[in-house]
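K.L.:
Mind looking over this structure? Questions follow.
Only the coordinates and a few stated rules stand behind these numbers; no lab work does. Owing to the predicted nature of the structure, the values given are computational and were not obtained by experimental measurement. Heads up, the Cβs are rebuilt from the backbone with ideal geometry, glycines too, and the neighbour counts pull from every protein chain shown.
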Amino acid sequence: MRLLRTIKEMKKVVRELKSQGKIIGFVPTMGYLHEGHLGLVRESIRKADSTVVSIFVNPTQFDPREDFKEYPRDLKRDSEILEKEGVDFLFTPDADEIYSDGYKTYVEVHDLQDRLCGRTRTGHFRGVCTMVLKLFNIVLPDVSFFGQKDAQQAIILKRMVKDLDLDVKIEILPIKREKDGLALSSRNTCLNPEERKAALSLSKSLIEARMKIEKGERDSEKIIQRMRKIIGEEPLAELDYIEIIEMNELNPITRVEKEALIALAVFIGKVRLIDNIIVRTKE
Ligand code: AMP
């Protein structure tokens, strides 16, 4: 695996790969890798000729109150893991390399960026889209892999790719979970043992929602109420939002019919966790 730190080096590699007609698979991450990331990496290795993984904790997607400084980082561990997986290139630029002095250009996906996580995390998706577009311009991937874990991010990035006519295929892979149901996340390592237990309330509330729907419940408000109760019973959990929405415009729906996304964000102590499920009813 080759480690690349500058845009210039990365672009040179990309030019060579393109001239050889190679299909480039790309997995953007913020590092501190877990099996969720590695699922994306393995899919890229399976489908593409060359796989590029990026690790960059992107400052513009954290607002000043958030955990940018505390976000877990371990490049040595991550590069060993990626090497073992058979990744070809690891691109890990510094913030100064990506955001040069006097940086002024940002990408926004209107409306979608303001819903769900966008309400609490002001500017978050503007940061994500700007970063991902920059990475796409540097790496020129044919296909890029993202996780359903960040459901809103996946929908927004697909919209950006369509709106800006980018030549990249976006593939979304299912959420990887711990055996007890907790969605894998780099932030899980910031939870103490008590918080780790409390964090199960997210997946528990989603399982309960799915069960209610399977039993015939269609009223979103009633499903949300039940979920709220489960989160409310956990003293260490503080709810940010629970929403049941359709998957195009992310508008709330009052009745769960055909396909719906149930998404929530919960603070467990200082750590903000997200989770979601897609439900499909038969009628
Ligand atoms: P991050 O490093 O948190 O920015 O995540 C990088 C990519 O991994 C994103 O596309 C995430 O959606 C994806 N990802 C993170 N956690 C999971 C998970 N538990 N299952 C599947 N994909 C994940």
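K.L.:
Which one of the conditions (1) out of contact with any Lys or Arg (no Cβ under 9 Å at 6 or more places or on another chain); (2) buried (at least 19 other Cβ atoms within 10 Å of the Cβ); (3) within 18 Å of residue 150 (Cβ to Cβ) does residue 182 fail to meet, given that it meets all the rest?
P.N.:
Here residue 182 meets the rest and fails (1).
K.L.:
How many residues, within the range 32-75, are charged (D, E, K, R) and more than 25 Å from residue 13 (Cβ to Cβ)?
P.N.:
Here the count works out to 7.
K.L.:
Additional query: Restricting to the range 118-136, count the residues that are in contact with a strand residue (DSSP E or B) (Cβ under 7 Å, 6 or more places away or on another chain) and either within 12 Å of the ligand (Cβ to nearest atom) or on the phi > 0 side of the Ramachandran plot (or both).
P.N.:
Here the count works out to 2.
K.L.:
Still on this structure, please answer the following. Find the strands (runs of 3 or more DSSP E) located wholly in the range 1-64 whose residues include 3 or more that are buried (at least 21 other Cβ atoms within 10 Å of the Cβ) and within 16 Å of the ligand (Cβ to nearest atom), and list them.
P.N.:
24-29, 50-55
K.L.:
Pull up the range 248-283, narrow it to residues that are in contact with a strand residue (DSSP E or B) (Cβ under 7 Å, 6 or more places away or on another chain) and polar (S, T, N, Q), then point me to the one that is nearest to residue 163 (Cα to Cα).
P.N.:
Among those residues, the one meeting the criterion is 251.
K.L.:
Still on this model: In the range 137-174, which residues are over 21 Å from residue 48 (Cα atoms) and within 15 Å of the ligand (Cβ to nearest atom)?
P.N.:
Matches in the range 137-174: 149, 150, 151, 152, 153, 155, 156, 160.
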